[in-house]
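Nothing in this text is a laboratory measurement; each read-out follows from the coordinates by a stated rule. Since the structure is predicted, the reported quantities are computational estimates derived from the model, not experimental observations. Ideal geometry is used to build each Cβ from the backbone, glycine not excepted, and the neighbour counts take in all protein chains shown.
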């Protein structure tokens with residue numbers, strides 16, 4: 001809070017107006033309320049001091065600080081910009097103004113930039129990693145798989161040439177079919193004839209003929225037979 005006292009003292013020495021004592025009193029009350037954490041009351045005291053003297057730099061600086069602590073970035077930026085317009089040599093307010101402007105750009109940037117642009121690099125990185133893994137897996141499978149057997153080319157049989165008959169070859173007529181042989185008429189069945197063996201005369205058997213070159217032998221005379229006359 002020393003910088004507020006110094007700035008207020010410099011403002012008192014350079015500016016001489018009728019409402020200066022009341023503005024200084026309100027400024028002291030605003031500083032005390034700010035140190036106690038009573039930001040709403042301190043802001044009202046700053047507004048009262050600026051109503052009496054709108055060019056009071058310490059009041060503008062404290063107002064910007066109160067807005068910054070309350071999260072009112074745009075109001076704090078406007079207060080610091082007024083301080084820079086009235087006192088360009090104010091280093092602390094310039095530094096705080098630049099910090100708030102950077103913070104505001106960082107807050108506004110995600111809203112203006114589409115979400116897919118933020119996530120696109122991550123998606124591309126994941127796709128690239130997946131593609132590399134797939135290529136590596138394909139190479140490993142290809143090297144570990146056995147070599148395929150050579151495929152023999154299918155042979156197409158050549159068509160056999162069709163024999164060509166000469167046009168002048170005479171056609172031989174087929175031989176006539178032979179007529180079937182006539183079937184003989186059935187023979188009558190003759191019943192067997194029974195012969196009485198007692199009535200059949202037995203013929204004397206002739207002796208076998210003597211072989212050639214031998215003297216035939218006469219049969220011995222039968223003593224019982226009568227001599228021939």
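To the nearest 0.05, how large is the calculated FRET efficiency for residue 142 and residue 115 if R₀ is 41 Å and r is the Cβ-Cβ distance?
Once the sixth-power term is evaluated, E becomes 0.55.
Over the C-alpha atoms of the range 35-131, what are the Rg and the largest Cα-to-Cα span, Dmax, in Å?
According to the Cα coordinates of the range 35-131, Rg and Dmax are 20.1, 71 Å.
For residue 160 and residue 81 in the same chain, what is the full-extension length gain: residue separation times 0.36 nm, less their Cα-Cα distance, in nm?
Result for the pair: 17.8 nm of gain on full extension.
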